[in-house]
Amino acid sequence: MTHLTRRGVLGTGLSGTAALLAAPALIRPAFAADTVKLGCLFSSSGTMANLEGRLNHVVRMAADAINGRGGVNGRQIEVLTSDPASDWPLYAQVGRQMLQQEKVAALFGCWTSVSRKSVLPVVEQNDGLLFYPLHFEGDENSKAVVYVNSPPASSVLPAVDYLMGPDGVGAKRFFMIGSDYVWPRTINKQLKGYWTSKGIPESAWREEYVPFGFSNFQTLVNQVRSFASQPGGQAIVVLTVVGSSIPDFLREFANQGISATDVPILGLDMVEADLEGLDTAKLVGHLNCWAYLQAAKGERNQKFLADWAAYVKAKNVPFSAETVIDPMVSAYDSVNLWALAAAKAGSFAVPEVRKAFAGLSFDDPSGYTLTMTGENNYVSRGVFIGSVNEKRGFDVLWQSPNAPKPVPFSPYG
């Protein structure tokens, strides 16, 4: 597995345009003709490292399994990894090098929408293909991107409906706290439109945004406490901070003694890895929503968990063998979907692979069957709502009866 470092991408002492111009000369020669290359754009440093870094390894794990079955179209898969260092413009620079210099057949990467947005024009201009493994704000439909996870209509809205309904807490008021970039702002815009359609007045919500990597939530949590004490019905927090800010927020919430029975948190980017090192006894009952939870039942998930644990041990992976998160599974799904499409097309050429997406299906660890159509590059996924338990994980509180058809564009914003 070849790894492109930040230094290798930028060149010592270079930045901006000079770095971009200098960087291609540092990329090594192409692989042998009997391999096909895939590129990863996941950070292993910076504020997103604890989450994104895992995805480099799971892409490699998926590729190794495919190689063990003979590869794709008679070729073995080579995986190139990189470290964009949670620096959004660098994702685009590394992506461009992988496409232009390394001639990768596909890219797998990005976590935040701002990193995806930075890579989008690169893959479009170079007729590339990016598999994006995160659920996100939707309102985008590029032929250069495979949206492997769920747009809001398939994930966020079911979770909000659950909390507003009789099975939830009958939520009437909403305190939105997000990192200051496109995904939280767009999600919250859509939610406000949705609540307006339900006759909920603007006075019933409040929104606040913090910088990436923000950690001191004492004042904001005090504001949540004050908001929740006002009349008008049950308040919840809709949390769209990302990266290291998630455990910092949860820790402050617990430190101030606010429980899920007082003010539930719906953490839209919160995954099992965010609970590592936390005393979750004080966080029991807070919620998330994803297309996969580690607690999903079924033999497929048990096999995936065992395969990951074995891979961590065999390859000395610097992440927990006992923790699996949705984007890891979505990255694994991505490699398999690409391999199925390339085999169906009998080609690694992006236009031919893209044509092969229609009718693809894959039985993923969640227990659902993923499907694609010829309408767009969105993937139909199941949906889970999870509840934090005392064991630093999520219990399955609710799951969709099937994999709903994705709705790329929201009617609410």
Angle in degrees between helix 245-255 and the longest Cα principal axis of the chain, rounded to the nearest 10: 30
Nitroxide proxy distance, nm - points 7 Å out along Cα→Cβ at Lys198 and Asp395: 2.4
Three-way shape call for segment 315-389 based on the alpha-carbon gyration tensor, with the a/c threshold at 1.5: oblate
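Between beta-carbons, use under 13 Å as the cut-off and find the net charge around Gly285, counting Lys and Arg +1, Asp and Glu -1.
After counting each charged neighbour, the total is -2.
Checking the table Lys117/Lys192; Lys303/Lys391; Lys355/Lys405 against a 27 Å threshold on Cα-Cα, which pairs fail?
none
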Percentage relative contact order, the chain, counting C-alpha pairs under 8 Å, at least six apart: 17
Under the Karplus curve 6.51 cos²θ - 1.76 cosθ + 1.60, θ = phi - 60°, whole-Hz ³J(HN,Hα) for segment 121-134, x wherever Gly or Pro sits: x, 5, 5, 5, 5, 9, 6, x, 9, 10, 8, 9, x, 9
Percentage of interatomic Cα-Cα distances in segment 72-220 larger than 24 Å: 46
Highest-MSF residue in the chain out of Asp83, Asp326, Asp180 [GNM, Cα springs under 10 Å]: Asp180
Average Cα contact separation per residue, segment 283-413, under 8 Å, 6 or more apart, as relative contact order %: 30
Accessible surface of the chain [probe 1.4 Å, protein heavy atoms]: carbon and sulfur percent: 51
Angle between the chain longest axis and helix 182-197 axis [Cα atoms, degrees, rounded to 10]: 40
Option label - Rg and Dmax of the Cα atoms in Å computed here, alternatives (i) 21.2, 74; (ii) 20.0, 61; (iii) 21.0, 68: (iii)
Equivalent-ellipsoid semi-axes of segment 30-155, from the Cα gyration tensor, Å, largest first: 23, 16, 16
Cα centroid of segment 157-196 to Cα centroid of segment 343-374, whole Å: 32
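The values are calculated or read from the model by the stated rules, or taken from the named source; none is laboratory data. Nothing here was measured: the structure is a model prediction, and the numbers come from that model. Here the Cβ is made from the backbone with ideal geometry for all residues, glycine too, and neighbour counts use every protein chain on show. Just the protein is used for accessible areas: all its heavy atoms, side chains included, with ligands, DNA and RNA removed. Shrake-Rupley method; radii C 1.70, N 1.55, O 1.52, S 1.80 Å.
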